[in-house]
């Protein structure tokens, strides 16, 4: 693992902020009295009557803010991924997010604002909130989600400014986040009862509802847009990342101060903003761990903390911003550089590097019961680390990896319902490798790249036939390892990686298995070249983040790559059925063969002839001719001989079956 040879200073960016005096006073009084009152459930109101220009002279009560916050959370929950593998239906927001949790979110941003007003003596101005709304509308990469958020708030610019822009601006400013958390809310509330904010805010505001891009996806195919770095996690490598349906969550890794971290961040592409993940009860800092998304939680497990491998983990709930430890009872032995997949009800971890070397053991973790079940080792693949694993809907397929100096091109299919392993075929399998990537397309596993020796080759594995098909080398990206790959529903996108010093790439390629073809990704506005980063797919974009560049600088930058192919995986065209017949006769004493064929679709045809001799038959192309369905071959032979023919679409392996002619004595 590479480390940074310099420590980068952390610069906190900030802007002064505080609530408007009247808004804070009413909101704080409501917040103070809220525990003694029953929860109010009224919905946000349409405030169109305030005028198209958004001129306001009003405040929002705490209860109103809570109602609007619930409307915002409802939009995000509708877009939250509920894995199709899960047998249970997606629950309602009310089942996942309590009224108390929503109230706490509002309390948090009100408390943050009030602290800033007292500490910085400057409120957040209407101009700043308008600028934040404009920034979100201009920079969003999920305009359809942002439209839903605006609509949920009645398309009222005042409400959007106060209940959406204000919390996002506070998070982006990264102000007072540490300080106010040092004081319990109850203590702060006691002070607030007796203190009036020292700075009065503006009594009115003039907001304008910003326009949101009309383009449905919000992005242009084959284009890059940088991710915001304001409030982003510190630069790191060997971290984890998952996509929830509305946010990318990154966590853990190794930072530029030589520390294994337990920090992370949630990136929201609809507002192009970051929110830090809580460290309260978070797992210990680590790298080389795994993470899966269950539909409601991110589960991280295993990894290396700098001195030893770990068999601990945690479940992170982004709704409550809280962590719960995973059980260690019957957990697999401590390890790093292992794999993990989510089945819909369990996380399966397997392989990796343990305290005594690589392992071929694993475990199934059920988050509902917080319990582990050991995976069978009978017929399991050889122990390894730095391999890959995918979930097919019924099996976990592991492949490749390394054991010290030995790399593998073997693998296995694990069926959790029978707790059994079946080896994957090695016939036509890619060359043995590790630090490669793998994706599942719905019917095939595609592996690509890796090392040692650096590969730009790969293969498609079909578990239904236990067979491999090589991926094309035409227009393929440069050989690399420690890159990333995502599946878009029609293409595999590989990006970044290490090609050997100083080749740390910001290039990539889109592979279409239906046409077995590659298309390069643009480098215009692409992130800095990097390896050991992460990538997730959002249904319209690939988001890459973190990693290290060729100077070993750890990065907290990233980019959103738009891939709008707009069509599902094409059904592969069946090979042409070329039918060939051959007829021989003597013409002026020369063995002459008349070939006729049908079914070929190309413009040109290669004619192969094999002359049967005592020591065998050596096929060779004797002619390339127009595809008119016939060809006369004057062989030049005058004595007895046997000839075998086939015709192929020129330059391809699409050929007829062999047809033969024998000239006797």
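The values are calculated or read from the model by the stated rules, or taken from the named source; none is laboratory data. Note that the coordinates shown come from a computational prediction; the quantities given were computed from them, not determined experimentally. Reconstructed Cβ throughout: ideal geometry from the backbone, glycine too, with neighbour counts over all protein chains shown.
Observations, loosely collected:
- Residue check for residue 496: out of contact with any strand residue (DSSP E or B) (no Cβ under 8 Å at 6 or more places or on another chain) and either free of Cβ contacts under 8 Å to residues at least 60 places away in the same chain or surrounded by 21 or more Cβ atoms within 10 Å (Cβ to Cβ) (or both): no
- Within the range 524-538, being in contact (Cβ under 8 Å) with a residue 40 or more places away in the chain and part of a loop (DSSP other than H, G, I, E, B) holds for 524, 525, 526, 527, 532, 533, 538.
- Yes/no for residue 392 being surrounded by 14 or more Cβ atoms within 10 Å (Cβ to Cβ) and more than 18 Å from residue 337 (Cα to Cα): yes
- Number of residues in the range 304-318 that are under 30 Å from residue 108 (Cβ atoms) and surrounded by fewer than 19 Cβ atoms within 10 Å (Cβ to Cβ): the value is 1.
- When the strands (runs of 3 or more DSSP E) confined to the range 582-665 are screened for residues that are touching a strand residue (DSSP E or B) at 6+ places or on another chain (Cβ under 6 Å) and without any contact (Cβ under 8 Å) to a residue 40 or more places away in the chain, those reaching at least 1 such residues are found at 590-598, 604-612, 620-626, 630-634, 641-649.
- Candidates 84, 122, filtered to the one that is more than 23 Å from the chain's Cα centre (by Cα) and part of a loop (DSSP other than H, G, I, E, B): 122
- Residue within the range 338-345 that is without any contact (Cβ under 8 Å) to a residue 60 or more places away in the chain and within 30 Å of residue 171 (Cβ to Cβ) present: yes
- Residue check for residue 482: in contact with a strand residue (DSSP E or B) (Cβ under 8 Å, 6 or more places away or on another chain) and within 30 Å of residue 394 (Cα to Cα): yes
- Selection status of residue 552, assigned by TED's automatic domain parsing to the domain that holds residue 510 and either in contact with a strand residue (DSSP E or B) (Cβ under 8 Å, 6 or more places away or on another chain) or outside any loop (DSSP other than H, G, I, E, B) (or both): no
- Of the strands (runs of 3 or more DSSP E) lying entirely inside the range 277-354, those containing at least 3 residues that are closer than 30 Å to residue 382 by Cβ span 290-293, 298-301, 339-342, 347-350.
- Scope the range 267-276; condition touching a helix residue (DSSP H, G or I) at 6+ places or on another chain (Cβ under 7 Å) and either over 30 Å from residue 210 (Cβ atoms) or in a loop (DSSP other than H, G, I, E, B) (or both); matching residues: 270, 271, 272
- Some residue of the range 126-134 being at positive phi and surrounded by fewer than 21 Cβ atoms within 10 Å (Cβ to Cβ): no
- Restricting 312, 326, 333, 277 to those that are under 23 Å from residue 75 (Cβ atoms) and without any contact (Cβ under 8 Å) to a residue 60 or more places away in the chain reduces the list to 277.
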